[in-house]
Amino acid sequence: MLTVKNLHVSVAGKPILHGINLDVKAGEVHALMGPNGSGKSTLANTLAGHEDYLVTDGEVLFEGENLLAYSPEERAQKGIFLAFQYPVEIPGVNNMYFLKMAVNAIRKAQGKEELDALDFMKHIKATLTKLDMEDSLQKRDVNVGFSGGEKKRSEILQMALLEPKLGILDETDSGLDIDALRAVATGVNKLRNAERAMIIVTHYQRLLDYIEPDFVHVISNGKIIRTGNKTLALELEEKGYGWITGEEAA
Amino acid sequence: MNSANPSVETLVEGGYTEGFITEIETETLPPGLDEDVVRRISAIKQEPEYLLEKRLKAYRHWLTMEEPTWATVRHPQIDYQAISYFSAPKSRKDSPQSLDEIDPEILETYNKLGIPLEEQKQLAGVAVDAVFDSVSVATTFKKELAEAGVIFCSISEAIQQHPELIKQYLGSVVPHTDNFFAALNTAVFTDGTFVYVPEGVRCPMELSTYFRINAANTGQFERTLIIADKGSYVSYLEGCTAPMRDENQLHAAVVELIALEDAQIKYSTVQNWYPGDAEGRGGIYNFVTKRGLCKGDRSRISWTQVETGSAITWKYPSCILRGDDSIGEFYSVAVTRGHQQADTGTKMLHVGRNTRSTIVSKGISADFGSNAYRGRVRMNRGAENARNHTQCDSLLIGDRCAAHTFPYIEVLNPTAKIEHEATTSKIDADQLFYCRQRGLSEENAVSMIVNGFCKEVFNELPMEFAVEARKLLQISLEGAVG
């Protein structure tokens with residue numbers, strides 16, 4: 001589904017990623033771990049098409065197409081979803097309205113019929129039930145005044161509504177208490193299926209207690225320095241990043 | 001020359017026999033302004049003596065005034081002697097003969113707004129042979145209004161038909177001494193709108209200049225007077241979302257509203273006059289005086305405006321809250337982009353007890369646009385328990401535009417309460433990226449964010465107007481980001 005080859009990325013003239021290679025197949029969940037400043041979020045934002053992230057070398061193929069040629073909205077329409085580390089507030093814009101706009105923009109681009117208000121209500125109700133969430137956020141403005149946990153749950157709801165092929169979760173666990181973490185993880189697990197892949201960017205192992213990844217990658221200084229399975233995350237938790245980055249240096 | 005000399009007056013007026021008027025009506029008065037021009041306008045319109053006196057008084061007062069310079073707007077010196085103060089409906093041969101002669105950019109906007117071709121021709125001033133549809137629509141409306149007892153006509157017609165109302169109310173809220181442009185307007189106004197809603201009547205429809213047949217030629221010095229008698233209600237819509245073609249650069253209108261006991265007037269404006277070219281040349285200067293008098297107890301006046309056009313907008317729709325428990329409201333969205341400048345806001349003058357006012361101002365600036373909110377809230381000595389809430393928010397798009405806020409607050413009564421909130425924000429790259437990552441195009445994202453910013457104001461507009469205003473805003477800001 002996604003192939004990243006020798007990806008080099010600079011931000012504001014400063015090289016951050018120095019040759020990332022990654023292969024993600026449908027149905028797989030990949031965890032991307034690493035210390036602060038290692039380039040985890042840079043990779044997530046680059047895949048989503050953020051204009052501040054300049055690709056200086058390498059390529060990214062999504063379902064065989066050159067992903068880098070597309071705008072952020074085109075990538076979203078092709079099925080890439082980024083759950084933001086810091087979801088943005090949009091005052092005055094009703095959450096429900098925003099979600100309907102987004103769902104219909106993507107449906108339209110995919111040649112599907114747009115949902116009218118009634119069908120959209122049904123869609124959102126069914127999705128909330130599926131995720132075991134309440135709909136208390138829908139009447140409020142997009143992310144305005146949401147608590148940290150509410151923002152992240154809202155991101156998971158958006159992912160469920162937009163039904164992406166590839167979901168990228170950028171530090172979705174940061175700043176969450178244990179209940180919110182569990183709620184988010186439950187949502188993510190329910191969205192796992194054989195057609196959908198996920199990349200979970202995280203600093204800590206604890207999210208992976210709830211979401212079991214197929215692969216764990218450790219990124220340091222803009223490179224993936226180790227790939228393993230779930231046990232790699234546990235080892236990291238026990239020994240710290242110094243263990244592995246030190247090993248690399250030696 | 002002693003202009004009050006009756007013999008001179010007789011001499012001048014004597015020239016305006018019926019035949020002569022007909023002749024001049026097909027023409028345009030030569031540029032320039034003096035007492036003779038004022039007299040000729042009055043004569044052409046066959047006005048009664050007192051109105052001519054009013055005009056002359058205003059003109060003489062205007063001569064003693066100077067153009068105001070306190071607004072944060074810049075423009076070249078206006079040459080008042082280079083303006084023609086009366087221009088009869090243009091003859092067909094001077095008008096563009098087809099839409100091919102119209103600025104393609106304006107046509108594109110018409111198409112985006114979904115305006116039918118025949119209507120486009122009318123807006124663009126193209127000579128049309130077929131009778132325009134809205135004429136018959138207007139006739140139907142007129143009948144319904146007459147049944148309700150509502151008077152809705154041009155101010156010229158009202159001067160002839162309803163002299164008692166004109167005499168009592170014209171100039172009673174905005175006297176000719178009020179300001180430079182109000183004095184000029186009083187001296188030379190050529191037409192405008194008159195509305196009277198009788199006691200206890202709820203006007204059966206939204207009144208709109210759009211449906212007043214001869215609205216197209218009201219000219220640059222428009223005069224509007226709306227009177228809501230005791231316990232009545234009227235909602236009035238001014239303007240049009242379509243950009244109006246107009247050869248007059250200076251527009252100095254005066255609007256007066258009077259609400260008697262328990263009456264309510266809702267006045268909504270969408271202003272989209274030509275803003276000038278990319279360098280800011282040729283746009284309309286819109287210097288308007290709008291004021292409402294809440295004369296009776298428990299009366300209410302609401303101003304809602306969406307200002308997206310004109311090179312310069314200078315207007316402060318205001319309320320004098322004289323009646324006890326009266327309410328004044330001002331909801332405004334002003335957009336400036338390109339080289340547009342807006343200095344707009346309101347004045348709320350609290351005179352009566354328990355008077356309340358609400359001000360919500362949303363300024364949006366993009367490109368090199370400059371947007372100033374200027375507001376004055378005054379609580380007079382007798383304004384026991386008066387309340388005001390003011391909120392002014394500015395939204396900046398890009399980093400070459402400007403937003404200013406000038407609130408003036410005077411409180412002479414210790415029981416009065418005033419709240420003022422102001423914010424300035426930017427549409428930032430993060431908001432846009434977030435929306436685009438959810439599949440929305442950049443333009444849809446900008447439009448959604450801006451509409452969210454303006455929501456409180458749009459909620460005050462009548463439904464169809466609100467839909468059009470949203471669309472207009474989207475078109476106005478196309479390409480503003482990126």
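For residue B:229, the test of being open to solvent by 10 Å² or more (accessible area, probe 1.4 Å) and at pLDDT below 75 is failed. Taken together, B:453, B:465, B:406 contain a single residue that is within 14 Å of chain A (Cβ to nearest Cβ) and surrounded by 14 or more Cβ atoms within 10 Å (Cβ to Cβ), which is B:453. Only residues that are at the interface with another protein chain (Cβ under 9 Å from one of its Cβ atoms) and open to solvent by less than 60 Å² (accessible area, probe 1.4 Å) were counted in the range A:82-106, giving 16.
Total residues in the range B:281-331 satisfying the condition of being part of a loop (DSSP other than H, G, I, E, B) and under 21 Å from residue B:71 (Cβ atoms): the figure is 10.
Taken over the range B:410-449, residues that are surrounded by 23 or more Cβ atoms within 10 Å (Cβ to Cβ) and more than 11 Å from chain A (Cβ to nearest Cβ) amount to 1. Please enumerate the residues belonging to the range A:13-46 that are within 23 Å of residue A:231 (Cβ to Cβ), open to solvent by 20 Å² or more (accessible area, probe 1.4 Å) and not in a loop (DSSP other than H, G, I, E, B). Scanning the range A:13-46 gives A:21, A:23. If the condition is being among the hydrophobic types (A, V, I, L, M, F, W, C) and either within 27 Å of residue B:55 (Cα to Cα) or modelled with pLDDT under 75 (or both), then the range B:239-264 contributes B:240, B:242, B:244, B:250, B:252, B:253, B:254, B:255, B:257, B:258, B:259, B:260.
Please give the number of the condition residue A:228 fails out of (1) over 28 Å from residue A:55 (Cβ atoms); (2) open to solvent by 10 Å² or more (accessible area, probe 1.4 Å). It is condition (1) that residue A:228 fails.
To keep it simple, each residue is scored yes or no on (1) within 29 Å of residue A:111 (Cβ to Cβ); (2) at pLDDT 95 or above.
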| position | (1), (2) |
| --- | --- |
| A:2 | yes, yes |
| A:8 | no, yes |
| A:33 | no, no |
| A:61 | yes, yes |
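Taking the range A:63-76 on its own, how many of its residues are buried (at least 19 other Cβ atoms within 10 Å of the Cβ) and either modelled with pLDDT under 95 or facing chain B (nearest Cβ under 7 Å) (or both)? Give the derivation first.
We begin by selecting, within the range A:63-76, every residue buried (at least 19 other Cβ atoms within 10 Å of the Cβ); these are A:67, A:72-73, A:75-76.
If we keep only those that are either modelled with pLDDT under 95 or facing chain B (nearest Cβ under 7 Å) (or both) as well, we get A:72-73, A:76.
Final tally of qualifying residues: 3.
Checked across the range A:18-41, the condition of being within 14 Å of chain B (Cβ to nearest Cβ) and within 20 Å of residue A:158 (Cα to Cα) holds for at least one residue.
I'd like to check something: does the range B:342-360 contain any residue that is within 23 Å of the chain's Cα centre (by Cα), open to solvent by 20 Å² or more (accessible area, probe 1.4 Å), of a type outside the set (Ser, Thr, Tyr) and under 25 Å from residue B:447 (Cβ atoms)? Scanning the range B:342-360, I find no residue that is within 23 Å of the chain's Cα centre (by Cα), open to solvent by 20 Å² or more (accessible area, probe 1.4 Å), of a type outside the set (Ser, Thr, Tyr) and under 25 Å from residue B:447 (Cβ atoms), so the answer is no.
From the set of residues in the range B:262-288 that are farther than 18 Å from residue B:314 by Cα and in contact with a strand residue (DSSP E or B) (Cβ under 6 Å, 6 or more places away or on another chain), which is most open to solvent (accessible area, probe 1.4 Å)?
B:264
In summary, residue A:121 fulfils each of the numbered conditions (1) within 14 Å of chain B (Cβ to nearest Cβ); (2) out of contact with any helix residue (DSSP H, G or I) (no Cβ under 8 Å at 6 or more places or on another chain) with the single exception of condition (1).
Looking across the range A:108-136 at every residue that is of a type in the set (Asp, Glu) and loosely packed, with under 10 Cβ neighbours inside 10 Å, the one that is nearest to the chain's Cα centre (by Cα) is identified as A:134. Exactly one residue out of A:100, A:152 is over 28 Å from residue B:457 (Cβ atoms) and of a type in the set (Lys, Arg): that is A:152. Restricted to the range A:47-62, and to residues there that are outside any helix (DSSP H, G or I) and open to solvent by less than 70 Å² (accessible area, probe 1.4 Å), the residue that is nearest to the other protein chains (Cβ to nearest Cβ) is A:50.
Does at least one position in the range A:161-175 carry a residue that is open to solvent by 10 Å² or more (accessible area, probe 1.4 Å) and more than 24 Å from residue A:25 (Cα to Cα)? Yes.
For residue A:87, the conditions (1) closer than 22 Å to residue A:143 by Cα; (2) assigned to a helix (DSSP H, G or I); (3) not β-branched (Val, Ile, Thr) all hold with the exception of (2). Considering B:366, B:383, the condition of being small (Gly, Ala, Ser), over 30 Å from residue A:70 (Cα atoms) and open to solvent by less than 40 Å² (accessible area, probe 1.4 Å) is satisfied by B:383 alone.
The values are calculated or read from the model by the stated rules, or taken from the named source; none is laboratory data. Fair warning: this is a prediction, and the values are worked out from it, not measured in the lab. We place every Cβ from the backbone using ideal geometry, glycine too, and count neighbours over all the protein chains shown. Side chains are part of the model used for accessible areas, which takes the heavy atoms of the whole protein and leaves out ligands, DNA and RNA. Shrake-Rupley method; radii C 1.70, N 1.55, O 1.52, S 1.80 Å.
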